[in-house]
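J.: The structure's right below; bear with me while I get my questions together.
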Amino acid sequence: MRKPFVAGNWKMHGSKASILSLVTDLNSKISELGNVDVAVCPPAIYADFTKRTLSSERISVGAQNMASEPVQGAFTGEVSVEMLKDMGCEYVILGHSERRSIYGETDVEVAAKVKVALDAGVTPILCVGETLEERESGTMEQVIAAQLDAVLTVVGISGFNNTVIAYEPVWAIGTGVTASPEQAQEVHAFIRNKLAQLDATVADRVIIQYGGSVKPGNAKELFGQADIDGGLIGGASLDAEDFIAICKAAG
Ligand code: PGA
(Lines give C-alpha, C1' and ligand atoms only; values in the text may rest on other atoms or scores of the structure.)
Protein backbone atom coordinates (compact mmCIF):
# COMPACT_ATOMS: atom_id res chain seq x y z
CA MET A 1 0.00 0.00 0.00
CA ARG A 2 1.39 3.41 -0.93
CA LYS A 3 1.19 6.09 1.74
CA PRO A 4 -0.14 9.31 0.21
CA PHE A 5 2.13 12.31 0.18
CA VAL A 6 1.05 15.94 -0.02
CA ALA A 7 3.62 18.69 -0.50
CA GLY A 8 3.08 22.44 -0.53
CA ASN A 9 5.00 24.39 -3.14
CA TRP A 10 5.11 27.94 -1.77
CA LYS A 11 6.90 29.19 -4.91
CA MET A 12 8.40 32.69 -4.53
CA HIS A 13 5.99 33.72 -1.79
CA GLY A 14 6.48 34.69 1.81
CA SER A 15 8.37 36.72 4.35
CA LYS A 16 9.47 35.86 7.87
CA ALA A 17 6.25 37.40 9.17
CA SER A 18 3.90 35.59 6.78
CA ILE A 19 5.72 32.27 7.18
CA LEU A 20 5.56 32.57 10.95
CA SER A 21 1.83 33.11 10.70
CA LEU A 22 1.27 30.26 8.20
CA VAL A 23 3.42 27.76 10.11
CA THR A 24 1.85 28.73 13.44
CA ASP A 25 -1.54 27.91 11.92
CA LEU A 26 -0.19 24.62 10.53
CA ASN A 27 1.28 23.74 13.95
CA SER A 28 -2.11 24.15 15.57
CA LYS A 29 -3.64 21.64 13.15
CA ILE A 30 -0.86 19.04 12.89
CA SER A 31 -2.74 16.57 15.10
CA GLU A 32 -5.60 16.57 12.57
CA LEU A 33 -3.44 15.10 9.81
CA GLY A 34 -4.38 11.57 8.92
CA ASN A 35 -2.31 8.79 7.42
CA VAL A 36 -0.43 10.99 5.00
CA ASP A 37 3.15 12.22 4.60
CA VAL A 38 3.32 16.01 4.44
CA ALA A 39 5.99 18.48 3.41
CA VAL A 40 6.18 22.21 2.76
CA CYS A 41 8.64 23.71 0.29
CA PRO A 42 9.44 27.35 1.07
CA PRO A 43 11.92 29.47 -0.88
CA ALA A 44 15.33 27.99 0.06
CA ILE A 45 16.33 31.05 2.05
CA TYR A 46 13.44 30.40 4.44
CA ALA A 47 13.96 26.63 4.75
CA ASP A 48 15.82 26.84 8.06
CA PHE A 49 13.35 29.37 9.49
CA THR A 50 10.42 27.19 8.42
CA LYS A 51 12.02 24.07 9.88
CA ARG A 52 12.67 25.80 13.20
CA THR A 53 9.17 27.26 13.33
CA LEU A 54 7.44 23.91 12.73
CA SER A 55 6.57 22.36 16.09
CA SER A 56 6.85 18.75 14.94
CA GLU A 57 8.73 16.48 12.55
CA ARG A 58 5.32 15.45 11.23
CA ILE A 59 5.69 18.07 8.51
CA SER A 60 8.93 17.86 6.52
CA VAL A 61 10.64 20.68 4.70
CA GLY A 62 11.72 20.67 1.06
CA ALA A 63 13.25 23.05 -1.47
CA GLN A 64 12.01 24.10 -4.89
CA ASN A 65 15.23 23.81 -6.89
CA MET A 66 18.96 23.32 -6.41
CA ALA A 67 22.26 23.49 -8.23
CA SER A 68 23.26 20.69 -10.56
CA GLU A 69 26.83 20.82 -9.25
CA PRO A 70 27.24 18.22 -6.51
CA VAL A 71 29.92 20.07 -4.56
CA GLN A 72 30.59 23.59 -3.33
CA GLY A 73 32.50 25.91 -5.62
CA ALA A 74 32.51 29.02 -7.74
CA PHE A 75 28.83 28.96 -8.74
CA THR A 76 27.58 32.42 -7.82
CA GLY A 77 23.95 32.50 -6.83
CA GLU A 78 23.47 28.74 -6.64
CA VAL A 79 22.44 26.63 -3.65
CA SER A 80 23.86 23.13 -3.33
CA VAL A 81 22.10 19.99 -2.21
CA GLU A 82 24.36 19.75 0.85
CA MET A 83 23.31 23.27 1.85
CA LEU A 84 19.67 22.29 1.53
CA LYS A 85 20.30 19.26 3.74
CA ASP A 86 22.12 21.45 6.22
CA MET A 87 19.01 23.66 6.41
CA GLY A 88 16.79 20.65 7.13
CA CYS A 89 15.43 19.89 3.66
CA GLU A 90 14.47 16.27 3.04
CA TYR A 91 12.92 16.90 -0.37
CA VAL A 92 13.63 19.01 -3.42
CA ILE A 93 11.17 19.79 -6.20
CA LEU A 94 12.97 19.37 -9.53
CA GLY A 95 11.86 20.15 -13.06
CA HIS A 96 8.83 22.21 -12.07
CA SER A 97 7.22 23.54 -15.25
CA GLU A 98 8.03 27.11 -14.17
CA ARG A 99 11.73 26.15 -14.03
CA ARG A 100 11.44 24.48 -17.41
CA SER A 101 9.51 27.27 -19.16
CA ILE A 102 10.86 30.44 -17.50
CA TYR A 103 14.46 29.35 -16.85
CA GLY A 104 14.85 26.97 -19.75
CA GLU A 105 15.72 23.87 -17.73
CA THR A 106 15.95 20.91 -20.06
CA ASP A 107 15.07 17.26 -19.44
CA VAL A 108 18.79 16.49 -19.34
CA GLU A 109 19.53 19.19 -16.74
CA VAL A 110 16.62 18.07 -14.60
CA ALA A 111 17.84 14.48 -14.79
CA ALA A 112 21.33 15.53 -13.68
CA LYS A 113 19.82 17.29 -10.66
CA VAL A 114 17.77 14.22 -9.78
CA LYS A 115 21.00 12.20 -9.62
CA VAL A 116 22.73 14.80 -7.45
CA ALA A 117 19.76 14.83 -5.04
CA LEU A 118 19.58 11.04 -4.85
CA ASP A 119 23.33 10.73 -4.28
CA ALA A 120 23.00 13.18 -1.37
CA GLY A 121 20.02 11.34 0.15
CA VAL A 122 17.52 14.12 -0.57
CA THR A 123 14.27 12.89 -2.14
CA PRO A 124 13.54 14.52 -5.51
CA ILE A 125 9.97 15.43 -6.36
CA LEU A 126 10.30 15.13 -10.12
CA CYS A 127 7.71 17.20 -11.98
CA VAL A 128 6.49 16.08 -15.37
CA GLY A 129 3.61 17.30 -17.48
CA GLU A 130 2.41 18.51 -20.85
CA THR A 131 1.30 21.89 -22.12
CA LEU A 132 -2.19 22.37 -23.50
CA GLU A 133 -0.75 22.49 -27.00
CA GLU A 134 1.02 19.16 -26.48
CA ARG A 135 -2.16 17.60 -25.12
CA GLU A 136 -4.26 18.89 -28.00
CA SER A 137 -1.77 17.87 -30.66
CA GLY A 138 -1.62 14.32 -29.28
CA THR A 139 2.02 14.38 -28.15
CA MET A 140 1.27 14.33 -24.40
CA GLU A 141 2.49 10.79 -23.79
CA GLN A 142 5.62 11.35 -25.86
CA VAL A 143 6.50 14.48 -23.87
CA ILE A 144 6.00 12.81 -20.51
CA ALA A 145 7.86 9.69 -21.63
CA ALA A 146 10.81 11.84 -22.73
CA GLN A 147 10.85 13.66 -19.37
CA LEU A 148 10.94 10.28 -17.59
CA ASP A 149 13.40 8.67 -20.00
CA ALA A 150 15.94 11.44 -19.43
CA VAL A 151 15.90 10.62 -15.72
CA LEU A 152 15.86 6.85 -16.29
CA THR A 153 18.96 7.18 -18.45
CA VAL A 154 20.88 8.79 -15.59
CA VAL A 155 19.59 7.02 -12.47
CA GLY A 156 17.96 3.86 -13.86
CA ILE A 157 14.70 2.42 -12.66
CA SER A 158 16.18 1.86 -9.19
CA GLY A 159 16.43 5.64 -8.81
CA PHE A 160 12.65 5.64 -8.63
CA ASN A 161 12.82 3.72 -5.35
CA ASN A 162 13.61 7.08 -3.77
CA THR A 163 12.00 9.55 -6.17
CA VAL A 164 8.53 11.03 -5.98
CA ILE A 165 6.87 11.93 -9.29
CA ALA A 166 4.49 14.87 -9.57
CA TYR A 167 2.29 14.88 -12.65
CA GLU A 168 1.41 18.51 -13.27
CA PRO A 169 -0.37 19.36 -16.50
CA VAL A 170 1.05 22.80 -17.30
CA TRP A 171 -2.39 24.09 -18.33
CA ALA A 172 -3.73 23.33 -14.85
CA ILE A 173 -1.01 25.08 -12.82
CA GLY A 174 -2.22 28.25 -11.16
CA THR A 175 -5.04 28.57 -13.66
CA GLY A 176 -7.94 27.36 -11.57
CA VAL A 177 -8.53 24.72 -14.26
CA THR A 178 -8.00 21.26 -12.78
CA ALA A 179 -7.56 18.08 -14.79
CA SER A 180 -10.64 15.97 -14.27
CA PRO A 181 -10.01 12.96 -12.02
CA GLU A 182 -10.31 10.74 -15.12
CA GLN A 183 -7.85 12.83 -17.15
CA ALA A 184 -5.34 12.80 -14.30
CA GLN A 185 -5.79 9.09 -13.58
CA GLU A 186 -5.17 8.28 -17.24
CA VAL A 187 -1.77 9.96 -17.17
CA HIS A 188 -0.86 8.57 -13.75
CA ALA A 189 -1.60 5.07 -15.05
CA PHE A 190 0.48 5.78 -18.15
CA ILE A 191 3.44 6.81 -15.95
CA ARG A 192 3.12 3.81 -13.65
CA ASN A 193 2.75 1.39 -16.56
CA LYS A 194 5.79 2.86 -18.24
CA LEU A 195 7.88 2.26 -15.12
CA ALA A 196 6.31 -1.18 -14.65
CA GLN A 197 7.76 -2.25 -17.98
CA LEU A 198 11.16 -1.86 -16.31
CA ASP A 199 10.35 -3.01 -12.78
CA ALA A 200 6.86 -3.84 -11.57
CA THR A 201 7.79 -3.57 -7.88
CA VAL A 202 9.32 -0.11 -8.21
CA ALA A 203 6.32 1.03 -10.27
CA ASP A 204 3.90 -0.31 -7.70
CA ARG A 205 5.63 1.58 -4.88
CA VAL A 206 6.46 4.90 -6.51
CA ILE A 207 4.43 7.85 -5.25
CA ILE A 208 2.82 9.82 -8.09
CA GLN A 209 1.36 13.13 -6.93
CA TYR A 210 -1.08 15.19 -8.95
CA GLY A 211 -0.52 18.94 -9.13
CA GLY A 212 -2.46 21.76 -10.75
CA SER A 213 -5.19 23.80 -9.04
CA VAL A 214 -5.84 21.26 -6.29
CA LYS A 215 -8.28 22.76 -3.79
CA PRO A 216 -10.15 21.40 -0.76
CA GLY A 217 -13.20 21.01 -3.00
CA ASN A 218 -11.60 18.77 -5.63
CA ALA A 219 -8.87 16.98 -3.65
CA LYS A 220 -10.88 14.02 -2.42
CA GLU A 221 -12.03 12.96 -5.87
CA LEU A 222 -8.58 13.38 -7.39
CA PHE A 223 -6.86 11.49 -4.57
CA GLY A 224 -9.49 8.78 -4.79
CA GLN A 225 -8.16 7.66 -8.19
CA ALA A 226 -6.25 4.39 -8.21
CA ASP A 227 -2.90 5.80 -9.28
CA ILE A 228 -3.01 9.23 -7.60
CA ASP A 229 -1.05 9.21 -4.36
CA GLY A 230 -1.50 12.74 -3.05
CA GLY A 231 -0.63 16.10 -4.50
CA LEU A 232 1.79 18.92 -5.09
CA ILE A 233 -0.11 22.01 -4.02
CA GLY A 234 0.71 25.55 -5.07
CA GLY A 235 -1.72 28.37 -4.30
CA ALA A 236 -3.81 26.46 -1.78
CA SER A 237 -0.72 25.56 0.29
CA LEU A 238 -0.39 29.22 1.33
CA ASP A 239 -3.58 28.93 3.36
CA ALA A 240 -3.20 26.66 6.39
CA GLU A 241 -6.86 25.70 6.53
CA ASP A 242 -7.00 24.78 2.83
CA PHE A 243 -3.69 22.94 2.96
CA ILE A 244 -4.68 20.88 5.99
CA ALA A 245 -8.05 20.10 4.38
CA ILE A 246 -6.21 18.86 1.27
CA CYS A 247 -3.86 16.73 3.40
CA LYS A 248 -6.84 15.24 5.18
CA ALA A 249 -8.47 14.42 1.86
CA ALA A 250 -5.41 12.31 1.03
CA GLY A 251 -5.09 10.56 4.40
P1 PGA B 1 -1.26 25.38 -8.17
O2 PGA B 1 0.30 25.04 -8.40
O3 PGA B 1 -1.75 24.42 -7.12
O4 PGA B 1 -1.29 26.80 -7.72
O5 PGA B 1 -1.93 25.16 -9.48
C6 PGA B 1 0.78 23.73 -8.38
C7 PGA B 1 2.28 23.73 -8.65
O8 PGA B 1 2.72 24.55 -9.46
O9 PGA B 1 3.03 22.93 -8.07
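The values are calculated or read from the model by the stated rules, or taken from the named source; none is laboratory data. Just so we're clear, the structure is a prediction, and the values are computed from it rather than from any experiment. In this analysis, Cβ positions are derived from the backbone assuming ideal geometry, glycine residues included, and neighbour counts consider all displayed protein chains. Only protein heavy atoms, including side chains, enter the accessible area calculation; ligands, DNA and RNA are left aside. Shrake-Rupley method; radii C 1.70, N 1.55, O 1.52, S 1.80 Å.
J.: Check ALA63: other-chain or 5+ apart residues with amide H under 5 Å from its amide H, H built from backbone geometry?
T.: When sequence neighbours closer than 5 places are left aside, the close amide H contacts are TYR91, VAL92, ILE93.
J.: Normalised by the empirical 2.2 N^0.38 Å for globular proteins, what value does the Cα Rg of segment 204-251 take?
T.: Values: Rg = 10.1 Å, N = 48, 2.2 N^0.38 = 9.6 Å.
This ratio for segment 204-251 stands at 1.05.
J.: Quick query: amide H of GLY231 versus all other amide H atoms, modeled in the peptide plane; which residues come in under 5 Å with a sequence gap of 5 or more or a different chain?
T.: Sorted by chain and number, the residues that satisfy this are PHE5, VAL6, ALA7, TYR210.
J.: Same structure, new question: What is the gain in length, in nm to one decimal, between SER180 and ALA74 on full extension, counting 0.36 nm per residue of separation less the C-alpha to C-alpha distance? Write down the numbers at each step before the final one.
T.: Numbers: separation 106, 0.36 × 106 = 38.16 nm, distance 4.55 nm.
Gain in length upon complete extension: 33.6 nm.
J.: Output the Kirkwood hydrodynamic radius of segment 169-251, Cα pairs only, in Å rounded to one decimal.
T.: Values: mean 1/r = 0.0770 Å⁻¹.
One decimal place: 13.0 Å for the Kirkwood radius.
J.: How big is segment 44-191 in terms of Cα radius of gyration and Dmax, in angstroms?
T.: 15.9, 48
J.: Using only alpha carbon pairs under 8 Å that are at least six residues apart, calculate the relative contact order of the chain and give it in whole percent.
T.: On the way: 500 pairs, mean separation 57.6, N = 251.
After rounding, I find 23 percent.
J.: Just from the alpha-carbon atoms, what are the Rg and Dmax of the chain in angstroms?
T.: Final numbers for Rg and Dmax: 16.8, 48 Å.
J.: For segment 3-17, just list the computed ³J(HN,Hα) in residue order, Karplus coefficients 6.51, -1.76 and 1.60, θ = phi - 60°, integers in Hz, with x standing in for Gly and Pro.
T.: Each residue of segment 3-17 in turn: 8, x, 9, 10, 10, x, 9, 6, 6, 8, 10, x, 8, 4, 5 Hz.
J.: Give me the tail of P(r) for segment 1-76 as a percent: Cα-Cα pairs with distance above 22 Å. Don't skip to the end; give the middle numbers.
T.: Details: 866 of 2850 pairs.
Above the 22 Å cut-off, segment 1-76 has 30 percent of its Cα pairs.
J.: What is the list of residues in segment 127-166 whose amide nitrogen lies under 19 Å from a point 7 angstrom out from the Cα of VAL108, following Cα to Cβ?
T.: 143-156
J.: So what is the orientation-averaged projected area of segment 56-143, using the convex hull of its C-alpha atoms, in nm²? The partial results should precede the final answer.
T.: Values: hull surface 27.9 nm².
With the hull built on Cα positions only, its mean projection is 7.0 nm².
J.: Next question, about the same structure. Starting at the first residue of segment 114-120, write each ³J(HN,Hα) from the Karplus equation 6.51 cos²θ - 1.76 cosθ + 1.60 with θ = phi - 60°, in whole Hz, x for Gly and Pro.
T.: The phi angles translate into 4, 5, 4, 5, 4, 4, 8 Hz.
J.: Please name which of ALA47, VAL154, ALA203 has its Cα lying farthest along the dipole of segment 5-250 towards the positive end, using unit charges on Cβ (Lys, Arg +1; Asp, Glu -1) and the Cα centre as origin.
T.: ALA47
J.: Report the accessible area of SER60, computed with a 1.4 Å probe over the heavy atoms of all protein chains in place, in Å² rounded to the nearest 10.
T.: Number for this one is 10 Å².
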